[in-house]
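Note sheet for the following structure.
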Amino acid sequence: MPASRVLGEAPGRGFYQMMVMAARRKDAGGQSDVEAGMAKYLAAEYCKEVVEDSLRIHGGYGYSTEHEIERLYRDAPMLLIGEGTAEIQKMIIGQRLVRDYGR
Ligand SMILES: Cc1cc2nc3c(=O)[nH]c(=O)nc-3n(C[C@H](O)[C@H](O)[C@H](O)COP(=O)(O)OP(=O)(O)OC[C@H]3O[C@@H](n4cnc5c(N)ncnc54)[C@H](O)[C@@H]3O)c2cc1C
């Protein structure tokens, strides 16, 4: 699912809020792996969308190695793979939410 759908009308705010929440919990000595996982997942999805939009705005130049956007377009999907793929992140987040809040 595109992150913008998850984030609703305030794209970018969802993962920022999750990141701040995770950092506050960590600072307080608590566990913050779910919040950090949510922030990572949402930020990676959003990054991919933003970079794709930017590539389109650049038109043909976006495809040229002369411009930074070409590298960003190649690198952004890596955020959905490295250090836990988006699919695995979603599974872990879902399992933890069911465990902590499910009946
Ligand atoms: C440029 C780059 C740098 C990297 N750097 C590091 C590093 O520094 N340190 C490090 O430890 N690793 C690193 N990696 C490895 C990276 O963490 C793994 O590629 C990543 O965890 C996915 O593992 P995999 O490639 O074995 O894919 P697989 O585990 O084979 O997964 C393939 C696809 O299937 C999906 N999938 C797998 N299992 C399930 C499931 N049960 N349910 C649903 N979907 C599933 C995955 O989400 C993925 O889309 C790097 C990878 C790349 C490309």
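Within region 25-60, the residues that satisfy the criterion of being under 23 Å from Gly94 (Cβ atoms) and exposed (fewer than 14 other Cβ atoms within 10 Å of the Cβ) are Gly30, Gln31, Asp33.
Do we find that Tyr63 is at pLDDT below 95 and farther than 21 Å from Arg13 by Cβ in this structure? It is true that Tyr63 is at pLDDT below 95 and farther than 21 Å from Arg13 by Cβ. For the structure I just gave you, tell me whether Lys40 is within 27 Å of Arg96 (Cβ to Cβ), at pLDDT below 95, touching a Gly at 6+ places or on another chain (Cβ under 9 Å) and among the basic types (Lys, Arg). Here the answer is yes, as Lys40 does meet what is asked. For region 47-103, a tally of residues being touching a helix residue (DSSP H, G or I) at 6+ places or on another chain (Cβ under 8 Å), within 15 Å of the ligand (Cβ to nearest atom) and in a loop (DSSP other than H, G, I, E, B) returns 2.
Considering the conditions (1) at pLDDT below 95; (2) in contact with a Phe, Trp or Tyr (Cβ under 8 Å, 6 or more places away or on another chain), Arg103 is excluded by exactly one of them, (2). Listed conditions (1) over 12 Å from the mean Cα position of the chain (by Cα); (2) modelled with pLDDT under 95 are all met by Glu70, apart from (2).
Is region 11-21 home to any residue that is outside any helix (DSSP H, G or I), at pLDDT below 90 and away from the ligand (no atom under 16 Å from the Cβ)? Outline the logic, then answer.
At the first step, the residues of region 11-21 found to be outside any helix (DSSP H, G or I) are 11-12.
From what's left, at pLDDT below 90: 11-12.
Next cut, away from the ligand (no atom under 16 Å from the Cβ) only: 11-12.
Checked region 11-21: at least one residue is outside any helix (DSSP H, G or I), at pLDDT below 90 and away from the ligand (no atom under 16 Å from the Cβ).
The residue list Asp33, Asp27 contains one member that is modelled with pLDDT under 90, under 22 Å from Arg13 (Cα atoms) and not hydrophobic (A, V, I, L, M, F, W, C), which is Asp33.
For a quick check of your reading of the model, give me the residue pairs whose first member lies in region 75-100 and is free of Cβ contacts under 8 Å to residues at least 60 places away in the same chain and within 15 Å of Glu35 (Cα to Cα), whose second is near the ligand (Cβ under 10 Å from one of its atoms) and not in a loop (DSSP other than H, G, I, E, B), with beta-carbon atoms closer than 6 Å and at least 6 apart or on different chains. From region 75-100, the pairs are Ala86/Leu80.
The values are calculated or read from the model by the stated rules, or taken from the named source; none is laboratory data. Small disclaimer: the values here were computed from a predicted structure and weren't measured. All Cβ positions, even for glycine, are placed from backbone atoms using ideal geometry, and neighbour counts span all protein chains on display.
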